[in-house]
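> Okay, handing you the structure first.
Rule-based calculations on the coordinates, nothing more; no lab input. A quick note: this is a predicted structure, and the numbers were derived from the prediction, not measured.
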Amino acid sequence: MNIQPLLDALDLQEDAARVLADDLRAQIDGLQTRLREAETHLEHLAITRKTVTGLADRLPAVAQELPEHPDYPRILAVFNHATGPLRAKDVCEALGHELLPKNVEGTRAKLKRLVKLGIIAEADTGNFTRKQ
């Protein structure tokens with residue numbers, strides 16, 4: 001019995017399996033390189049996130065867009081010179097408005113709007129302060 005054709009067929013299959021294994025090893029090497037690059041990128045992103053969050057409290061607050069009325073910049077100027085909380089009546093007086101109920105209520109409404117915009121804070125009912 002001649003087994004040479006059988007051995008030749010086995011050689012062909014071994015060669016094909018060897019080529020496939022070599023191709024798979026090359027793919028694995030390429031994937032490992034890409035994985036290392038992706039992991040390095042993730043580390044850099046984590047460092048960047050840590051740096052940014054560490055500095056976030058040091059960044060100046062973004063200035064909010066003030067409503068269209070000439071009193072708003074003047075109100076903020078009053079708070080910049082204030083040493084403590086102010087009531088609507090105090091702000092109204094600092095702006096030079098008569099202390100009429102309509103003026104005080106109008107000023108209180110403006111102060112509440114600035115609170116809503118996050119520009120000033122209401123320390124307690126009726127007492128307004130500049131946000132820190």
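> When the helix-only estimate is applied to the chain (DSSP H runs of n ≥ 4, each -39,500 (n - 2.57), divided by the residue count), what is the mean residue ellipticity at 222 nm, nearest 500 deg cm²/dmol?
-23000 deg cm²/dmol
> Which of the lysines could a cross-linker bridge to LYS110, judged by Cα under 17 Å and excluding same-chain residues fewer than eight apart?
Once the sequence-local lysines are set aside, what remains near LYS110 is LYS89, LYS102, LYS131.
> Using only the alpha-carbon atoms, how far is helix 4-56 inclined from the longest principal axis of the chain? Give it as 0 to 90 degrees, nearest 10.
Between the helix axis and the principal axis of the chain, the angle is about 10 degrees.
> Let me see the P(r) profile for the chain: every Cα-Cα distance counted, bins of 10 Å, each bin given as a percent of all pairs.
That works out to 10, 23, 13, 9, 9, 8, 7, 7, 6, 5, 3, 1, 0, in percent per bin.
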